[in-house]
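Undergrad: Pasting a structure here, questions to come.
The values are calculated or read from the model by the stated rules, or taken from the named source; none is laboratory data. Here the structure is a predicted model, which is why all the values come from computation and not from measurement. Positions of Cβ are generated from backbone atoms using ideal geometry, with glycine treated the same way; all protein chains shown enter the neighbour counts.
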Amino acid sequence: MLDKKPSTIGRMFDRIALRYDLVNRVLSLWIDQTWRHITVRNLTVKPGDRVLDIATGTGDLALRALQSEKMCRVVGIDLSQEMLAIASRKSRRRGFSDRSFFVNGDALLLPFRDGVFDRAMVAFGIRNMNNIEAFLDELHRVITVGGRAAILEFSLPSNPLIRHIYLVYLTRILPLVGRFLSGDDGAYRYLTDSVLEFSSPSLLRKFMRKRGFDLIGSQRLFFGIAHLFILARKQRPTEMI
């Protein structure tokens, strides 16, 4: 069982923050940027929307949202102070500092009022949470009724041949390249182990419906290496009183 305590995850990402973007691009051959573009496009951010980017990291997904809609505002939250510092610098360089705000915090205890966001998104972060259903409860709480959320996460391809090739890459090549580029052995072994341990897309769908969301879109990306879910927040019976 992996150690997914917030303090552990935060320290791990602090260690690799300076090389994080470079390693991401190399390991994914820049495909991760395409996946983020697809995520924001499917989230359909509108003028005036308040957008929450959970596990924002160095802010790539937040910046995509800010680029896609020039009248939206984005709040990014993450456990890693070092990653947030990079996200803030990137936002300032691109002229988005007046529409973006980055805060240190835990996705299981979001420091926001109920129903304050119109859109929310999380890319490659949900598998790092030690209680997915508790996270979905918090996600449901901070999104307005009818609001949307996007969850992008790694998965395992269903095609046996592609799955075999991907597992060789994931378990043998990725940890070596990650260690070489970042100087950190543990973080990229954790990445491999967390992908292998993560819930299947079908189980994640059950969690989503159980916690008060309609699944309005689901898309496998790059032969199933990643999976994108688009959710709409339903009103729970207790909220109708």
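Undergrad: Collect the residues in the range 207-226 that are part of a strand (DSSP E or B), surrounded by fewer than 20 Cβ atoms within 10 Å (Cβ to Cβ) and in contact (Cβ under 8 Å) with a residue 60 or more places away in the chain, keeping them in residue-number order.
TA: The first filter runs over the range 207-226 and keeps only residues part of a strand (DSSP E or B), leaving 213-221, 226.
Adding the requirement that they be surrounded by fewer than 20 Cβ atoms within 10 Å (Cβ to Cβ) leaves 214-221.
Selection gives 216, 217, 219, 220, 221.
Undergrad: Of the residues that sit in the range 90-118 and are assigned to a loop (DSSP other than H, G, I, E, B) and aliphatic (A, V, I, L, M), which one is farthest from residue 21 (Cα to Cα)?
TA: If we filter the range 90-118 for residues that are assigned to a loop (DSSP other than H, G, I, E, B), which is where we start, we get 94-99, 105-116.
This time we only want the ones that are aliphatic (A, V, I, L, M), so: 107-110, 116.
Values: 107: 22, 108: 25, 109: 26, 110: 25, 116: 30 Å.
Filtering first and then ranking leaves 116.
Yes or no, residue by residue, for (1) within 13 Å of the chain's Cα centre (by Cα); (2) of a type outside the set (Phe, Trp, Tyr); (3) at pLDDT 95 or above; (4) crowded, with 22+ Cβ neighbours inside 10 Å:
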site	(1), (2), (3), (4)
18	no, yes, yes, no
21	no, yes, yes, no
26	no, yes, yes, no
33	yes, yes, yes, no
53	yes, yes, yes, yes
69	no, yes, yes, no
83	no, yes, yes, yes
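Undergrad: Six or more apart or on different chains, Cβ atoms under 7 Å: show the pairs whose first residue is in the range 169-187 and more than 10 Å from residue 19 (Cα to Cα) and whose second is modelled with pLDDT under 95.
TA: 179/185
Undergrad: For the range 35-51: of the residues being surrounded by 17 or more Cβ atoms within 10 Å (Cβ to Cβ) and not hydrophobic (A, V, I, L, M, F, W, C), which is farthest from residue 78 (Cα to Cα)?
TA: For the range 35-51, the residue satisfying everything is 42.
Undergrad: Another question, if that's okay. List every residue pair whose Cβ atoms sit under 6 Å apart, with the two residues 6 or more apart in sequence or on different chains, where the first one lies in the range 103-116 and is touching a residue at least 24 places away in the same chain (Cβ under 8 Å) and the second, anywhere, is in a loop (DSSP other than H, G, I, E, B) and loosely packed, with under 15 Cβ neighbours inside 10 Å.
TA: If the second residue must be in a loop (DSSP other than H, G, I, E, B) and loosely packed, with under 15 Cβ neighbours inside 10 Å, the pairs left are 105/111.
Undergrad: Considering only the range 44-89, how many residues are closer than 17 Å to residue 147 by Cβ and out of contact with any strand residue (DSSP E or B) (no Cβ under 9 Å at 6 or more places or on another chain)?
TA: Looking only at that region, the number is 3.
Undergrad: Mind checking which pairs have a first residue in the range 145-163 that is in contact (Cβ under 8 Å) with a residue 24 or more places away in the chain and a second that is among the basic types (Lys, Arg) and in a helix (DSSP H, G or I), Cβ under 9 Å, 6 or more apart or different chains?
TA: From the range 145-163, the pairs are 152/36; 153/127; 154/127; 156/163; 157/163.
Undergrad: Separate question: What is the number of the single condition among (1) within 25 Å of residue 62 (Cα to Cα); (2) surrounded by 15 or more Cβ atoms within 10 Å (Cβ to Cβ) that residue 111 does not meet?
TA: Answer for residue 111: the failing condition is (2).
Undergrad: Condition test on residue 144, is it in a helix (DSSP H, G or I) and either closer than 17 Å to residue 35 by Cβ or of a type in the set (Val, Ile, Thr) (or both)?
TA: Working: in a helix (DSSP H, G or I): no; either closer than 17 Å to residue 35 by Cβ or of a type in the set (Val, Ile, Thr) (or both): yes.
Here the answer is no, as residue 144 does not meet what is asked.
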